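The values are calculated or read from the model by the stated rules, or taken from the named source; none is laboratory data. Quick caveat, the model's predicted, so the values are computed rather than measured. Cβ placement follows ideal geometry from the backbone for every residue including glycine, while neighbour counts extend to all protein chains displayed.
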Amino acid sequence: MPKVKCKLVAWDEVVNWAYQLSQKILESGWRPDIIVAIARGGFVPARLLCDFMDIHELLSIQIVHWGRAA
């Protein structure tokens, strides 16, 4: 199985990236009705986006990888 490169990310980076993304979305004029987070790593950034954009609808989904399946 191929190795996956990972990067440890500091909390400040996560907050900064979420803030920057939220500003780009707001500046585009598009306002999401809901944010969908992907479980196991995506919930916190999704929650930050909700906070920065004053969105009150947040759902999460889980994606399961079955070992050797592609």
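Inspect segment 10-24 for any residue being aliphatic (A, V, I, L, M) and over 16 Å from the mean Cα position of the chain (by Cα) and give the result as yes or no. No. Within segment 33-56, how many residues turn out to be more than 23 Å from Trp11 (Cα to Cα) and either assigned to a strand (DSSP E or B) or within 14 Å of the chain's Cα centre (by Cα) (or both)? Qualifying residue count for the region: 1. Residues of segment 12-32 that are assigned to a loop (DSSP other than H, G, I, E, B) and small (Gly, Ala, Ser): Gly29 alone. Selection of segment 57-70 for residues being part of a loop (DSSP other than H, G, I, E, B) and either modelled with pLDDT of 95 or more or under 15 Å from the mean Cα position of the chain (by Cα) (or both) yields Glu57, Gln62, Ile63. What are the residue pairs meeting all of these: first residue in segment 14-30, first residue surrounded by 14 or more Cβ atoms within 10 Å (Cβ to Cβ), second residue among the hydroxyl-bearing types (Ser, Thr, Tyr), Cβ atoms under 7 Å, and 6 or more apart or on different chains? Close Cβ pairs satisfying both conditions: none exist.
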